[in-house]
Amino acid sequence: MRAARLIKMVLLLQSRPSMTAAELARELEVSERTVTRDAQALSEAGVPVYADRGRTGGYRLVGGYRTRLTGLARGEAEALFLSGVPGALREMGLEDTASAARLKVSAALLPSLRDAPRTAAQRFHLDAPNWFCEVPAPELLPAVADAVWDDRRVVARYRRGDAEVERELEPYGLVLKAGVWYLCARVPSQEGPGQGAAGPGSPQGYRVYRIDRFTVVEPVREADEAGAVRKAGAERFERDPEFDLPAFWEERAEQFARSILRAEVVVRLSPEGMRALPHAVDPAAARKALAEAAGTGADGDGWVTVTLPVESEEVARTQLTALGPEVEVLAPASLRERFAAQTVRLALLYGPE
């Protein structure tokens, strides 16, 4: 246990110029006192760990010390080869690069671990798109991916409604969600919050764009259309080190889900309807609505009345129809009338001659 922690400490210090005791303690999930003891143990073992004193001090490796990638356990080697997503790499134009990297890592492994790529591939495969949903890779995805990897500003045109909008973007990261590719980008020199192609903007200028809505993606040129020469290096941007792509996406996804649930319906659900509701509507909204209704209890028939947020009355009609006789719409009256008319039509289709 301690040996693995010491190796991780060395690898952390290799990846950064220096780290404070608090930062190391947080990464290693130990106390700062344990970090001090571990640093001393590494030093005694010949690893040149140096401690800088003072408020801005920390731990660092002296003289560009590097340790070779050795000592991988089988589980670690197999997990390493699970990190690649073949389909996504292919769509971004990185399949050849990733293949070369895997070959180099395989060559560095011990002979007893050379089968790690094969055993990992036999046990795990990621199929990102939803069922019955074939989403072609956006044509401009490789160009966007290149800009993301290279921290290069781009000029992009994208469809917004019936119009096209052009913006200069700082592409920060790519997200593959249910087979659809999104770009998280910052709009430089933005004066305030705005509206991106796939969700509201933020005060920091970060927005989310569906890549299949881009029609043009080009690197920023050295001179603008008026012929004014840009400052040297203006085609690249300095990445904000505090930007956390997973956290940003999680927050934005929650905001988007809440933003589209603008209406409410009141329904009665049978026990079977309660079980099926999360499969028919937004799962998070369904679970929250059922939890809030749990305090009121069921009626004499065992049914529960639920107030459910929905995108619109029309969407609610389509979604709730899937529950059939396990749901009764109580409000709004217009939606109840729709279900009543639909029920009459179904009775004419399926009732006795």
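Across region 315-333, what is the total count of residues that are over 22 Å from Gln255 (Cα atoms) and either among the hydroxyl-bearing types (Ser, Thr, Tyr) or open to solvent by 40 Å² or more (accessible area, probe 1.4 Å) (or both)? Looking only at that region, the number is 10.
Here is the figure for region 20-48: residues that are hydrophobic (A, V, I, L, M, F, W, C), in a helix (DSSP H, G or I) and loosely packed, with under 14 Cβ neighbours inside 10 Å total 1. Scanning region 146-177 for residues that are in contact (Cβ under 8 Å) with a residue 40 or more places away in the chain, more than 13 Å from Phe214 (Cα to Cα) and touching a Leu at 6+ places or on another chain (Cβ under 9 Å) yields a total of 6. The residue that is modelled with the highest pLDDT, counting only those in region 1-19 that are assigned to a loop (DSSP other than H, G, I, E, B) and of a type outside the set (A, V, I, L, M, F, W, C), is Ser18.
Yes or no, residue by residue, for (1) among the hydrophobic types (A, V, I, L, M, F, W, C); (2) out of contact with any Asp or Glu (no Cβ under 7 Å at 6 or more places or on another chain); (3) within 30 Å of Trp149 (Cβ to Cβ):
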| site | (1), (2), (3) |
| --- | --- |
| Ile260 | yes, no, no |
| Ala280 | yes, yes, no |
| Arg287 | no, yes, no |
| Val304 | yes, yes, no |
| Pro309 | no, no, no |
| Val315 | yes, yes, no |
| Val329 | yes, yes, no |
| Leu346 | yes, yes, no |
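Glu292 meets each of the listed conditions (1) under 22 Å from Ala340 (Cβ atoms); (2) in contact (Cβ under 8 Å) with a residue 12 or more places away in the chain; (3) open to solvent by 60 Å² or more (accessible area, probe 1.4 Å) apart from (1).
The values are calculated or read from the model by the stated rules, or taken from the named source; none is laboratory data. All figures in this text were calculated on a predicted structure; none of them were measured in a lab. For neighbour counting, all protein chains shown are included, and Cβ atoms are generated from backbone atoms with ideal geometry for every residue, glycine included. Accessible surface is based on the protein model in full, side chains and every heavy atom, while ligands, DNA and RNA are left aside. Shrake-Rupley method; radii C 1.70, N 1.55, O 1.52, S 1.80 Å.
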